[in-house]
């Protein structure tokens, strides 16, 4: 008997996706397309039901921000702050389209941010991209190195991540954690340009590629707060962002 004839070939386990959205037309649309692609899907009209069901077998969560109980940002934060679920990627799919909304989504821990109305083709591509990044990160986990606590200075601009203190000409300015990490990375290596993937790891402490819009929005907000020093943050097409001494 040929030993190969006894080999049983099994199909890989399909990815399990949880969709949290009170709009049944949206959830059904995404659900049908995911199921056509071989995904397992469960849907929830609110965050409480999703949390009650748990995410033990979930590979991806897609959530709206506007929900009847716990909003999508809070749900994302709950998922990402729990050791048992922090590895699960979250895509926020919402009508909340301001710069602040997008940055808040990524600050909450979202792995991608998709605006409604959306293209189904783009939605499916981004779902696959997020799951692919998650698979790569699981095989090659990123381990951030410790950073020096000493303040970094350029002219009248001073950045101290240990105390979260940033000053311009002696005057303190308020930065979010994302803006602080971004500025510190750039000013610590003047003349060096980071690609999006590098900044994603440094700022959001994740492996993979951030949405370019999220990064651009964060840089735009940072520049507005830096006043005369905004011109030192430069974006070179095809290369990335850097801090230039002028």
All positions within the stretch 223-246 that are free of Cβ contacts under 8 Å to residues at least 60 places away in the same chain, assigned to a helix (DSSP H, G or I) and touching a strand residue (DSSP E or B) at 6+ places or on another chain (Cβ under 7 Å) | 223, 225, 227
Look through the stretch 224-246, keep the residues that are touching a helix residue (DSSP H, G or I) at 6+ places or on another chain (Cβ under 7 Å) and surrounded by 17 or more Cβ atoms within 10 Å (Cβ to Cβ), and return whichever of them is modelled with the lowest pLDDT.
-> 240
Expected output for the stretch 31-42 (first residue in contact (Cβ under 8 Å) with a residue 24 or more places away in the chain, partner in a helix (DSSP H, G or I) and loosely packed, with under 15 Cβ neighbours inside 10 Å, Cβ below 7 Å, 6+ apart or cross-chain) is 33/120; 41/35
Single residue of the stretch 67-87 satisfying the filter (outside any helix (DSSP H, G or I) and touching a residue at least 40 places away in the same chain (Cβ under 8 Å)) that is farthest from the chain's Cα centre (by Cα) = 68
Listed residues 213, 177, 189; which is more than 10 Å from the chain's Cα centre (by Cα), at pLDDT below 85 and farther than 19 Å from residue 133 by Cβ?
-> 177
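The values are calculated or read from the model by the stated rules, or taken from the named source; none is laboratory data. Fair warning: this is a prediction, and the values are worked out from it, not measured in the lab. Please note: Cβ atoms are built from the backbone with ideal geometry, for glycine as well, and neighbour counts cover all protein chains shown.
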